[in-house]
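Data first, discussion second: the structure below is written as structure tokens.
Computed from the coordinates by the stated procedures, all read-outs in this text should not be read as laboratory data. Computed from a prediction, not measured in an experiment: that's the story for all the values here. Quick reminder, even Gly has a Cβ in these numbers, built from the backbone with ideal geometry, and neighbours come from all protein chains shown.
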Amino acid sequence: MNAIAGHRLGQGTWYMGENAAARNDEVRALQLGMDLGITLIDTAEMYGEGGAEKVVGAAIAGRRDEVTLVSKVYPHNAGRADVQRACERSLARLGTDRIDLYLLHWRGGVPLAETLEGFERLRAAGKILAYGVSNFDTADMDEAARVPGGRAIAANQVMYNLRRRGIEFDLLPWCRERTVPLMAYSPLESGRREQQRLFADPSLRQVADRHGATPAQVALAWLMAQQGVIAIPKAVQPEHVRANRAALDIVLTSEDLAVLDAAFPPPARKMPLDVL
């Protein structure tokens with residue numbers, strides 16, 4: 001079974017672990033999400049240079065078996081031997097003996113064959129249960145599939161939201177055909193200005209009003225309605241965590257989807273991959 005099968009919504013941790021004063025709030029937010037059934041947690045050694053992994057470790061202490069844990073390795077740590085050491089450091093920060101899904105954060109100078117060999121060694125040792133990639137476009141996925149170990153790639157994590165639908169032209173169909181789940185980061189856009197533009201859209205607000213929901217909740221519900229997609233928003237405030245969980249219960253109608261398609265048209269041609 002795929003490491004993240006059955007999940008539609010997870011908890012992101014980008015920008016966590018960077019401010020000691022916020023640590024307790026971050027830990028409590030992740031624990032509240034777990035209490036509400038959002039048990040997939042996504043992190044990376046890059047986030048806060050390990051700080052986010054430490055926050056996650058504190059949040060899951062005593063509750064490890066409840067959680068599906070995803071972390072990511074820097075490209076410069078993705079060599080055959082380096083990835084073993086990077087994984088051990090992540091495990092120590094997370095306070096666990098295993099990572100459910102370990103991703104290459106983005107492509108770097110290390111050959112894919114070498115990284116995948118390192119991932120296979122980690123999986124054989126039980127340090128990770130599955131592995132995948134992040135920020136891979138269709139050509140990258142094709143290349144990876146031809147490398148030994150590439151057919152075992154269990155997920156691709158990319159930027160995807162209502163305003164950034166480029167992957168629907170070819171990458172998302174590629175993943176669906178091969179039952180590779182796609183994890184959508186920045187599901188509510190990437191910055192305050194971009195979020196405000198998204199949430200101010202009159203069509204999105206119209207759909208939200210129809211459901212007695214917020215624009216953010218409908219944007220998440222739209223993502224979670226896409227086959228094979230898992231949304232991983234980050235939230236620190238309890239009300240945001242609860243609002244994200246409530247988005248799981250929104251069922252968009254065909255009329256809703258048509259309104260959103262008109263406001264945020266799907267791509268008609270190949271688009272460059274959106275990357276942060």
Query raised in the report: Which semi-axes, in whole Å and largest first, does the equivalent ellipsoid of the range 39-177 have when worked out from the alpha carbon gyration tensor as the square roots of 5 times its eigenvalues?
Result: 24, 18, 13
Requested in this report: May I ask which residue of L9, A144, I99 lies farthest towards the positive end of the charge dipole of the chain, with charges of +1 (Lys, Arg) and -1 (Asp, Glu) on Cβ and the Cα centre as origin?
Outcome: I99
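Using only the Cα atoms of the range 66-136, construct the convex hull and provide its projected area averaged over every direction, in square nanometres to one decimal.
4.3 nm²
Students often check this: by mean Cβ neighbours within 10 Å, which of 8-14, 71-77 ranks highest, and how do the rest follow?
Packing proxy ranking, top to bottom: 8-14, 71-77.
Nearest-5 percent of antiparallel DSSP beta bridges in the chain?
In the chain, approximately 5 percent of DSSP beta bridges are antiparallel ones.
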Report task. State to the nearest 20 debye the size of the charge dipole of the range 21-129 about its Cα centre, where the only charges are +1 on K and R beta carbons and -1 on D and E beta carbons. Result -> 180 debye
Query raised in the report: So, by mean Cβ neighbours within 10 angstrom, what's the order for 262-274, 94-106, 168-180 with the highest one leading?
Result: 94-106, 168-180, 262-274
Query raised in the report: What 222 nm value per residue comes from the helices of the chain, counting each DSSP H run with n ≥ 4 as -39,500 (n - 2.57) and dividing by all residues, nearest 500 deg cm²/dmol?
Result: -12000 deg cm²/dmol
Query - Equivalent ellipsoid semi-axes, the range 8-54, via Cα gyration tensor eigenvalues times 5, rooted, Å - result: 18, 13, 6
